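*Asks:* Take this structure, written in structure tokens, and hold onto it; I'll ask about it next.
Each value in this text was obtained by applying a stated rule to the coordinates, not by laboratory testing. If you're wondering where the values come from, they're calculated on a predicted model, not measured in any experiment. All Cβ positions, even for glycine, are placed from backbone atoms using ideal geometry, and neighbour counts span all protein chains on display.
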Amino acid sequence: MKKAILILLAIPALLGGTLADHLLEPAMQIDGWLAPTLGWLVGAGPGTGMALMFVGSAVCAIIMCVVGYQIPAIRNLEDDLPDHNYVAPRPAAQAV
């Protein structure tokens, strides 16, 4: 199971570098196809493809936080789960 998690964590890192180097960087150059549309946000030229990836990651994180807050099980998690050192009180002993 740990190996599967490590593999799943490596996939975004590999895809992110490839996406930045081969798609976003060329697209955000002065004459790139995304520069006229998103150039106002991060500029155009060297390094702006990676900047666009950071902006996209931040937008995705904000969306995940807002969606997570809308789910009551996640929003109330702190109140629903007991603390680690919490010991439930024992019922009083019954007299015979």
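*Asks:* Which whole-number value in Å³ per residue fits the convex hull of the alpha carbons of the range 1-72?
*Replies:* Looking at the range 1-72, the number lands at 98 Å³ per residue.
*Asks:* Looking at the chain, do any whole DSSP H helices span at least 24 angstrom along their long axis by alpha carbon and average 1.0 or above on Kyte-Doolittle, and which?
*Replies:* 2-19, 48-70
*Asks:* Still on this structure: Using a Gaussian network model of the chain with C-alpha springs under 10 Å, which one of Val66, Val42, Val55 is most mobile by mean-square fluctuation?
*Replies:* Val66
*Asks:* Give me the number: length gained by fully extending Arg90 to Ile7, i.e. 0.36 nm times residue separation minus the C-alpha to C-alpha distance, one decimal in nm.
*Replies:* 25.4 nm
*Asks:* Mind telling me which of Leu24, Leu81, Leu34 comes out most flexible in a GNM of the chain, alpha-carbon contacts under 10 Å?
*Replies:* In this elastic network of the chain, the residue with the biggest mean-square fluctuation among Leu24, Leu81, Leu34 is Leu81.
*Asks:* Can I ask one more? Would you work out which of Ala20, Leu8, Met64 lies farthest towards the positive end of the dipole of the chain? Charges go on Cβ: Lys and Arg +1, Asp and Glu -1.
*Replies:* Towards the positive end, the residue furthest out is Leu8.
*Asks:* Dipole size in debye (nearest 20) for the chain around its Cα centre, Lys and Arg Cβ +1, Asp and Glu Cβ -1?
*Replies:* Rounded to the nearest 20 debye, it is 340 debye.
*Asks:* Taking the Cβ of each residue in Met50, Met1, Met28, Met64 as the centre, tally the other Cβ atoms inside 10 Å and list the residues starting with the fewest.
*Replies:* Exposure proxy ranking, most exposed first: Met1, Met64, Met50, Met28.
*Asks:* Over the range 13-78, what is the mean sequence separation of C-alpha contacts under 8 Å (at least six apart), divided by residue count, expressed as relative contact order in percent?
*Replies:* The normalised contact order for the range 13-78 reaches 25 percent.
*Asks:* Given a Förster distance of 22 angstrom, what is the FRET efficiency for Met64 paired with Leu23, based on the Cβ-Cβ distance and rounded to 0.05?
*Replies:* Efficiency at R0 = 22 Å is approximately 0.45.
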